[in-house]
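The values are calculated or read from the model by the stated rules, or taken from the named source; none is laboratory data. Quick caveat: nothing in here was measured; it's all calculated off a predicted structure. Quick reminder, even Gly has a Cβ in these numbers, built from the backbone with ideal geometry, and neighbours come from all protein chains shown.
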Amino acid sequence: MGPADETKYWVALHQVPYIGPVRLERLRRHFGSLACAWNADARALAAVLDSRAAESLARTRRALDPDRELERIERAGIAPISIDDPRYPRLLREIPAPPTVLYVRGELTPADDVSVAIVGTRRATAAGREIAARLGEDLAAAGVTVVSGLARGIDGAAHQAVLRGEGRTIAVLGSGPDVIYPPEHRNLAERIAEQGAVLSDYPPGRKPEATNFPARNRIISGLSLGVVLVEAPARSGALITADFAADQGREVFVAPGGMLSATSAGSNALLRDGARAITSAGDVLEDLRIGVAREPAAVQQMLPIEGDAARILALLSFDPMHIDELAAAAGLDSATAGALLMMLQLDGRIRDAGANHYIRGR
């Protein structure tokens, strides 16, 4: 029996409570195939599983037909991809205890071996969303697949920017691949599925629950060479993603925020713990050795800067000026000024001269 024939049993066993990746692998080794494991009698199962897991498998077998379940999933436009499938992401396969089955809408490609995650708070500032968008756009322009979690705020801004630039992006859900959360991102998810992939390790129909999201965050980091944090408060799910990235041996990058910004308190704290501060997508590409980024169109065309950002830019020259002076002169608080300075750095218009001093970049 080949891998394709085993798919329905991967899907069926994946839905058995108390049988995770370790027990599933134990079943496969003992019985030689998942088909044999699924059809094994109680005595044979007792040699491999404890009583709770064996009873759970018996209950699931009575309620679920593998052929019908696979047909139901595929009819919904969802492809189950097991860890044995050549389409399974290479980077994700390398992490400890990788998910055994992914449910995918869209397509995974070999190009996704070069992926970077962009994550952050749902309550992003306008400047934070702009930073996420520019990072996403510039990474995509360099041929990088951008991974995120389809959440409001930073995640959504990154996905949308990649789509505008016709790059590849992957959205990882904390629900079934057909249950879009937040619901206002349904259209965004459809566009991502057309231009990349929407995936989950939860089967179709699973509702978004708080306990699902740490596992979702672990997949986001596992799919990526590195994780970029933009605006993560002190208690943020994005920090969990960063922790997973560190545990998986992946790079952690931070777009620094204002010193007094609660929105960036968590991500700024990571800088004290050794995360890499970045001011552009080029920093990420250089550290990960992903080749040379093309000059982003936004910089080439010098898009107009307006409002508060324009006031800050007008104050700067080639003589360094401290952030507190800039904020006071522009009539802004330090947190807002810091976020706008970061945006202007990403655009190449200013440079960090060190010790919170800034100068014109061009």
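Results, tabulated for the structure shown:
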read-out: Top-ranked residue of the range 112-147 - restricted to ones that are of a type in the set (S, T, N, Q) and closer than 30 Å to L332 by Cα, ranked as surrounded by the most Cβ atoms within 10 Å (Cβ to Cβ); value: T121
read-out: The range 162-184 residues that are assigned to a helix (DSSP H, G or I), paired with ones that are surrounded by fewer than 21 Cβ atoms within 10 Å (Cβ to Cβ) and charged (D, E, K, R) (beta carbon under 7 Å, 6 or more apart); value: L163/R191
read-out: Tally of residues being within 12 Å of V162 (Cα to Cα) and among the aliphatic types (A, V, I, L, M) across the range 118-146; value: 10
read-out: Qualifying residues in the range 121-157 (those that are at pLDDT 95 or above and among the polar types (S, T, N, Q)) - the one nearest to P183 (Cα to Cα); value: S148
read-out: Candidates A46, A76, filtered to the one that is of a type in the set (A, V, I, L, M) and more than 24 Å from P177 (Cβ to Cβ); value: A46
read-out: Residues located in the range 338-357, provided they are under 20 Å from A133 (Cβ atoms) and not in a loop (DSSP other than H, G, I, E, B); value: G338, A339, L340, L341, M342, M343, L344, Q345, L346, I350
read-out: Residues of the range 265-290 that turn out to be part of a helix (DSSP H, G or I) and in contact (Cβ under 8 Å) with a residue 60 or more places away in the chain, as a count; value: 7
read-out: Only one of P21, P96, P86 that is under 28 Å from V116 (Cα atoms), surrounded by 13 or more Cβ atoms within 10 Å (Cβ to Cβ), within 25 Å of the chain's Cα centre (by Cα) and not assigned by TED's automatic domain parsing to the domain that holds A117; value: P21
read-out: Qualifying residue in the range 202-223 (condition: crowded, with 24+ Cβ neighbours inside 10 Å, modelled with pLDDT under 95 and either in contact with a His (Cβ under 8 Å, 6 or more places away or on another chain) or outside any helix (DSSP H, G or I) (or both)); value: yes
